Amino acid sequence: MQRVACKERPDWRERAEAVGFNFHSIDGEPYWDERAYYAFTLQQIERDLEAPTAELDQMCRELVTRAVDDENILRRLAIPVPFWNWIARSWKGGDPSLYGRFDFRYDGKGAAKLLEYNADTPTAALETGVFQWMWLEQAIESKLLPKTADQFNSLHERLIEGWKSIGKGRRLHLTGMLEAPEDAGTIAYLEDCARQAGLATSVLPVDAIGKTGGGQYVDVENRPIELLFKLYPWEWLMREEFGASLLGATTQFVEPPWKAILSNKGILPLLWEMFPQHPNLLPAYFDNDAAAAALGSSFVRKPLYSREGANVALVVGGKSSGAEGGPYGAEGFVRQENSPLPQFAGNYVVLGSWFAAGTPCGLSVREDATPITRNTSRFLPHAIIG
Amino acid sequence: MKRSSQVALLLLGVTGVGASGLSLSMKKPDDCVAPPAAGAAAPQSPAPGAIAPQTLAPGAPAVLLPPCPPQRRSAWTTSNRTNWSRSNFSSSSRQSGVRTSTVPTSRSGSSSRSTTRSGFGSTGRSVSSHSSGS
């Protein structure tokens, strides 16, 4: 694994916008950054990232199987009691998942370590599946990369495959916070994948979802919502005005309700309990667990519910440093061993390993000047060389 | 993964609804023998979609072939991402936001009942500086 500095394409912004990647810059700073790329060997991809991603997916499924029949686990995850049976039915009924992203600490040498699992509302799919691939093709064309260069990236194909399997010809509604450019871009991309899978689609803001007197969710034209992709966290939906009506809804959701378990940072200590010393896990404990003392006075403290690094704090010698502000933490925290992110040319690096349609299928690389990955952390392309 | 030299993807030039015409065209295996997987103790089945190791039909003359160079697995197929284009944003199927709290239900034979809205989204609005994605 190497960070290779290179010249950016002078017209990459126009190219990005031409494919709908409009959120390539944040506050005037590049989010997409091709002034360097990361080079991996095929062995690093297959042995260190792809295989652990498949194994972690299985481990997570074992965890869900256990959790839905264990009130103690659901309570530790702070999942509201009224939703326990509903989540269990979702799992036992086989509600399908489309995708997720495991975030790893990896430096090209040791085992990749799971930092968190973005199981419910992963973003960065468009830049991973489309624009990163276009970069590879053009990098080869311009001889920046050898002809034999490759990329861990079949996310696009897997998403289409996933929609074919899930959709079964039904109309798909997609919803989220459309005023957020990143969310709108992600939804538009997933909508396109669904259309390529043959589905009819409709997009609507999450607050435009209607509920009939009979408790059925409908779109703005009052069409019943049979199949709904939501880029909106389960923990938010459950606690909002319509939350209680989820229990009687006939709508099928993507991601499914059982992902409410896996999108919770509480899975980090639970996985560590179930698979102690697993090479791809870091020691982790619930904040109020006496066993957390094993981590000493230095660790990473994460809210059970958190996104984009919000409210994540580095605790060093008992003192919190580098805490990111945000609205999360009311439901509790976990502590995870502080395994400092590797630095390449002074940048902290996190890898995102994608899993879609039942297959590990892609890689995204994020860089930041700070050790906590945030929504502004830059996305760099990668290539497999050698 | 993979833009494989073994796999050429023929993308049918279609976009939008029904554009499911991805087609894989596999080149014939080169004249070589797939090497066994490292550490493999027994013959393994090829991965789904992978090119099967060379096998000889009964009675066929044995031919010694050189080992193949490492191959990308065909599961890592390349595709033409130009199939995704901004034009897809302009789909007429997209709907604009509606925040009205009550509109009459006009379908499903329930016109006498009302539809309420804005029951989802309050958390997102309250944390609007943070993406709801991750």
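The values are calculated or read from the model by the stated rules, or taken from the named source; none is laboratory data. Remember, predicted model here, so these are calculated numbers, not experimental data. Cβ: placed from backbone, ideal geometry, glycine included. Neighbour counts: every protein chain shown. For accessibility, only protein heavy atoms count, side chains too; no ligands or nucleic acids. Shrake-Rupley method; radii C 1.70, N 1.55, O 1.52, S 1.80 Å.
Hey, can you tell me all the residues within region A:66-92 that are open to solvent by less than 60 Å² (accessible area, probe 1.4 Å) and either assigned to a loop (DSSP other than H, G, I, E, B) or among the β-branched types (Val, Ile, Thr) (or both)?
Taking region A:66-92 and keeping what is open to solvent by less than 60 Å² (accessible area, probe 1.4 Å), we get A:67-68, A:70, A:73-74, A:77-80, A:83-84, A:86-88, A:90-91.
Selection gives A:68, A:70, A:73, A:77, A:78, A:79, A:80, A:87.
Residue A:122 falls short on exactly one of the conditions (1) more than 8 Å from chain B (Cβ to nearest Cβ); (2) open to solvent by less than 30 Å² (accessible area, probe 1.4 Å); (3) in a loop (DSSP other than H, G, I, E, B), and that condition is (1). Within this structure, residue A:170 fails the test of being among the basic types (Lys, Arg), part of a helix (DSSP H, G or I) and in the same structural domain as residue A:363 (by TED's automatic domain parsing).
Of everything in region A:359-379, what is out of contact with any helix residue (DSSP H, G or I) (no Cβ under 8 Å at 6 or more places or on another chain) and either part of a loop (DSSP other than H, G, I, E, B) or open to solvent by 50 Å² or more (accessible area, probe 1.4 Å) (or both)? Give them in sequence order.
Step one: list which residues in region A:359-379 are out of contact with any helix residue (DSSP H, G or I) (no Cβ under 8 Å at 6 or more places or on another chain), which gives A:365-374, A:376-378.
Once the filter is applied, which keeps residues that are out of contact with any helix residue (DSSP H, G or I) (no Cβ under 8 Å at 6 or more places or on another chain) and either part of a loop (DSSP other than H, G, I, E, B) or open to solvent by 50 Å² or more (accessible area, probe 1.4 Å) (or both), region A:359-379 yields A:369, A:370, A:371, A:372, A:373, A:374, A:376, A:377.
Cβ separations smaller than 8 Å between residues 6+ apart or across chains give the following pairs from region A:67-94 residues that are over 15 Å from residue A:286 (Cα atoms) to residues that are hydroxyl-bearing (Ser, Thr, Tyr) and open to solvent by 30 Å² or more (accessible area, probe 1.4 Å): A:91/A:65. Among the residues of region A:169-176, is any closer than 26 Å to residue A:377 by Cα and away from chain B (no Cβ under 11 Å)? No, because not a single residue in region A:169-176 is closer than 26 Å to residue A:377 by Cα and away from chain B (no Cβ under 11 Å).
If a residue must be among the small types (Gly, Ala, Ser), more than 7 Å from chain B (Cβ to nearest Cβ) and open to solvent by less than 10 Å² (accessible area, probe 1.4 Å), how many such residues does region A:181-231 contain? Residues that pass the stated criteria total 2.
Just so you know, in region A:125-159 the residues that are in a helix (DSSP H, G or I) and of a type in the set (Val, Ile, Thr) include one that is nearest to the other protein chains (Cβ to nearest Cβ), and it is A:130.
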